[in-house]
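As structure tokens, the structure follows; a few thoughts come after it.
Just so you know, all these numbers are worked out from the coordinates, no wet-lab data involved. No experiment lies behind these values; they were computed from the predicted model shown. All Cβ positions, even for glycine, are placed from backbone atoms using ideal geometry, and neighbour counts span all protein chains on display.
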Amino acid sequence: MASTGHRTDRDHPILAAVSAIQAELRSVEHAPAWSLSDDETRCALVELTRLVAQATSLELKVAAHADRNQVGDASGATSTSVWWANHTRMTQREAARKIKLANALETHDPVAHALAAGDVLVDQAHVVTDAVDALPDTVQPDVRTRARDYLLEAAAHYDARALRIQGRRILDVVAPEIGEA
């Protein structure tokens with residue numbers, strides 16, 4: 001992807017971190033993977049998966065900010081997701097999906113923190129926020145909190161598909177008196 005401008009020592013900490021991460025990744029671009037032991041390979045795969053979640057968390061944080069500030073307006077884009085898609089060559093559908101999650105994470109701090117820590121993956125974060133947001137308006141905040149917390153704990157053991165199944169019946173677990181009604 002092309003750079004959007006030149007960087008200085010006065011960059012925002014987020015831009016400085018992105019630049020540093022990019023430099024670190026370039027430094028190992030040609031490192032031979034064949035020299036990793038099996039244990040190192042397993043460790044690298046797990047930690048890289050966590051790293052992708054962490055990087056995506058930062059991307060979504062900036063995307064939510066971009067959406068709030070309507071950064072695409074200056075160029076005539078109809079939405080932030082359209083502007084983002086045009087400048088990164090991702091599909092508009094993917095950009096819109098990311099913006100939706102970015103905005104949802106702003107109202108689901110524990111999910112945002114879990115993603116930032118690499119404790120949940122992006123698809124799992126989608127599932128948790130979607131499941132909690134799909135609860136009826138009559139559901140009390142404490143029940144929503146229990147549902148979110150249950151799903152976050154379950155994310156340590158289940159992939160997004162299995163988590164989605166649990167999310168559909170979450171009231172049966174955290175508030176059976178409501179779920180069975």
*Expressed as an acute angle from 0 to 90° and rounded to the nearest 10, what is the orientation of the C-alpha long axis of helix 141-154 relative to the principal long axis of the chain?*
60 degrees
_Show me, for region 50-65, the HN-Hα J-couplings you get by feeding each phi into the Karplus relation (A = 6.51, B = -1.76, C = 1.60, θ = phi - 60°), rounded to Hz, glycine and proline as x._
4, 4, 4, 4, 5, 5, 5, 4, 5, 4, 5, 4, 5, 5, 4, 4
*asked:* Taking the 0 to 90 degree range and rounding to the nearest ten, how far is the long axis of helix 122-133 tilted relative to the main principal axis of the chain, both from C-alpha atoms?
replied: 40 degrees
*asked:* Apply the Karplus curve 6.51 cos²θ - 1.76 cosθ + 1.60, θ = phi - 60°, to the phi angles in region 25-37 and return the couplings in whole Hz, x for Gly and Pro.
replied: 5, 4, 5, 10, 3, 9, 5, x, 6, 4, 7, 6, 6
*Across region 157-172, in residue order, what do the Karplus-derived ³J(HN,Hα) couplings come to in whole Hz, using 6.51 cos²θ - 1.76 cosθ + 1.60 with θ = phi - 60° and x for Gly and Pro?*
10, 10, 6, 4, 5, 5, 5, 4, 4, 5, x, 5, 10, 4, 5, 4
_For region 38-106, alpha-carbon Rg and Dmax in angstrom_ = 15.0, 51
*What is the fewest-to-most order of LYS98, LYS61 by other Cβ atoms lying within 10 Å of their Cβ?*
LYS61, LYS98
*Tell me what the chain gives for mean residue ellipticity at 222 nm when only DSSP H runs of n ≥ 4 count, each as -39,500 (n - 2.57), the sum divided by the residue total, rounded to 500 deg cm²/dmol.*
-21000 deg cm²/dmol
_Among [x] 33, 24, 13; [y] 30, 18, 14; [z] 28, 18, 17, only one was calculated for this model; which label is it, if the read-out is semi-axes √(5λ) of the Cα gyration tensor in Å?_
[x]
